[in-house]
Amino acid sequence: MLILHILFWTSFLCMIHSYVIYPAILWVLASCKRPTPPDIPDEWPMVYLVMSLFNEKEVIDDKIQNLLSLDYPLDRIQIYIGSDQSVDGTNAIIEHYAAQYDHIHSYIFHTRRGKPSVVNDLVEIIQANNQDKSSVLVISDASVMINSDAIKKMVCHFSDETIGLVDSNIMPSTKSKEGISRSEGIYISREVSMKYKEGLIWGRTMGPLGGCYSIRLTLFEPIPSNYLVDDFYIAMHIFKKGFKAVSEIEAVCFEAFPSSIKEEFRRKTRISAGNFTNLRVFYDLLWPPSSSLSFVFLSHKVLRWIGPFFILMMLLVS
């Protein structure tokens with residue numbers, strides 16, 4: 001009987017810690033911290049923005065126009081776009097822009113391999129032609145529109161040599177309340193707030209949201225093929241190499257949040273499978289338990305990932 005009580009209350013407290021106690025801890029600690037504005041560099045570093053596309057005809061024209069309007073020195077930014085066997089007309093659009101602009105480069109891959117492989121290939125091409133250790137890599141999705149000053153807002157943080165990754169602040173592009181758009185918007189807003197506080201307190205932003213984030217080019221770690229949550233993989237390797245990650249709340253980007261519960265369920269299922277892969281790959285970062293990294297990793301991620309098992313345990317023993 002005592003064992004059943006222990007199992008029930010342990011499961012209950014783990015759930016409460018992740019969703020209530022931990023956010024409260026973040027709020028208290030962050031309220032005692034005053035953010036230090038990053039230094040504006042004397043010379044802006046080279047930025048290499050990469051995108052992996054698959055049948056993005058509906059948004060890619062708007063995305064490239066968005067990139068062309070960025071407030072960043074034109075001679076300090078290069079755009080690399082890879083098409084992962086797109087068949088909807090995407091290829092023609094990116095080749096058209098690459099022919100018009102010297103800083104846009106298009107690569108058409110004729111075998112479907114997935115985003116990680118495309119990103120790996122693009123970064124390999126960039127690194128082969130670049131030896132500047134101050135260069136910054138920005139990874140973005142076609143559906144995410146970037147505020148004109150967002151790249152500068154992120155890049156400024158790299159004047160601090162301890163920072164290896166800077167995430168942006170992704171907001172909904174519309175105020176739609178259809179389907180699950182509103183609830184997804186609330187969830188994303190809460191995640192952005194938590195990650196900002198983690199970065200402010202410890203420099204431990206627990207993985208970027210993935211739509212648009214930046215890292216030092218020299219710290220990029222090739223992503224295993226068919227890896228399901230590539231942005232988290234990159235972020236955790238930043239930590240393993242001894243660097244910090246922060247979130248820049250003023251680096252605003254916009255994305256249309258999904259309204260279809262079927263579409264979002266499919267996406268969340270893929271992410272959930274990837275989460276357990278990440279747990280298997282990075283379980284060693286849970287040790288030593290006294291470190292800020294292990295505390296954030298356990299509280300924000302691991303306890304959530306195994307949350308369904310806690311609920312099942314509570315039902316069984318009750």
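For the chain, what is the accessible area per residue in Å² when the probe is 1.4 Å? Present the calculation step by step, with values, prior to reporting the outcome.
Details: 15950 Å² over 318 residues.
Heavy-atom accessible area per residue stands at 50 Å².
Do the alpha carbons of any pairs in Lys115/Lys262; Lys268/Lys301; Lys152/Lys301; Lys33/Lys195; Lys195/Lys241; Lys153/Lys195 sit beyond 25 Å of each other, and which pairs?
Lys152/Lys301
Leaving out ligands, DNA and RNA, and with a 1.4 Å probe, what % of the accessible surface on the range 1-146 is carbon or sulfur?
On the way: 4600 of 7980 Å².
C and S atoms contribute 58 percent here.
Calculate for the chain the 222 nm mean residue ellipticity that helices alone would give, adding -39,500 (n - 2.57) per DSSP H run of length 4 or more and normalising by residue count, nearest 500 deg cm²/dmol.
Numbers: 11 runs with 139 residues, N = 318.
That calculation yields -14000 deg cm²/dmol at 222 nm.
Please grab the % of Cα pairs in the chain that end up more than 38 Å from each other.
Pairs farther apart than 38 Å: 15 percent.
Starting from the Cα gyration tensor of the range 89-191, take the square roots of the eigenvalues, sort them a ≥ b ≥ c, and report rounded, prolate or oblate (rounded when a/c is under 1.5, otherwise prolate if a/b is larger than b/c, else oblate).
It comes out oblate by the Cα gyration axes.
Between the range 1-64 and the range 166-244, what is the C-alpha centre distance in whole Å?
Each part reduced to its Cα centre gives a spacing of 6 Å.
Give the shape of the range 1-115 as rounded, prolate or oblate, defined through the alpha-carbon gyration tensor: a ≥ b ≥ c are the square roots of its eigenvalues, a/c under 1.5 means rounded, and otherwise the shape is prolate if a/b is larger than b/c and oblate if not.
oblate
With point charges of +1 on the Cβ of Lys and Arg and -1 on the Cβ of Asp and Glu, referenced to the Cα centre of the range 91-134, which listed residue (Gln131, Ala98, Phe109) lies farthest in the positive direction of the dipole?
Farthest along the dipole direction, towards plus: Phe109.
Are there DSSP H segments in the chain that both extend 18 Å or more along their axis (alpha-carbon positions) and score a mean Kyte-Doolittle hydropathy of at least 1.0? List them, or say none.
Counting only whole DSSP H runs, the qualifying helices are 2-16.
Could you give the dipole magnitude of the chain about its Cα centre, charging the beta-carbon of Lys and Arg +1 and that of Asp and Glu -1, in debye to the nearest 20?
It works out to roughly 1400 debye.
Choose one of Ile188, Gly307, Gln85: the residue whose Cα lies farthest towards the positive end of the charge dipole of the chain (beta-carbon charges +1 Lys, Arg; -1 Asp, Glu; about the Cα centre).
Gly307
In Å, the Kirkwood hydrodynamic radius of the range 14-66 over pairs of distinct alpha carbons?
16.4
Looking at Val50, Leu29, Ala142, which one has the Cα that reaches farthest to the positive end of the dipole of the chain (charges on Cβ: Lys, Arg +1; Asp, Glu -1)?
Leu29
Once you sort the root eigenvalues of the Cα gyration tensor of the range 168-279 as a ≥ b ≥ c, which label holds: rounded (a/c under 1.5), prolate (a/b larger than b/c) or oblate (the other case)? Each step should come with its number before you reach the end.
Numbers: a/c = 2.17, a/b = 1.35, b/c = 1.60.
In terms of gyration-tensor shape, oblate.
The values are calculated or read from the model by the stated rules, or taken from the named source; none is laboratory data. Model, not experiment: these values are computed from the prediction. Glycine gets a Cβ as well: all are built from the backbone with ideal geometry, and neighbour counts include every protein chain shown. Surface accessibility is based on the protein's heavy atoms, side chains included, excluding ligands, DNA and RNA. Shrake-Rupley method; radii C 1.70, N 1.55, O 1.52, S 1.80 Å.
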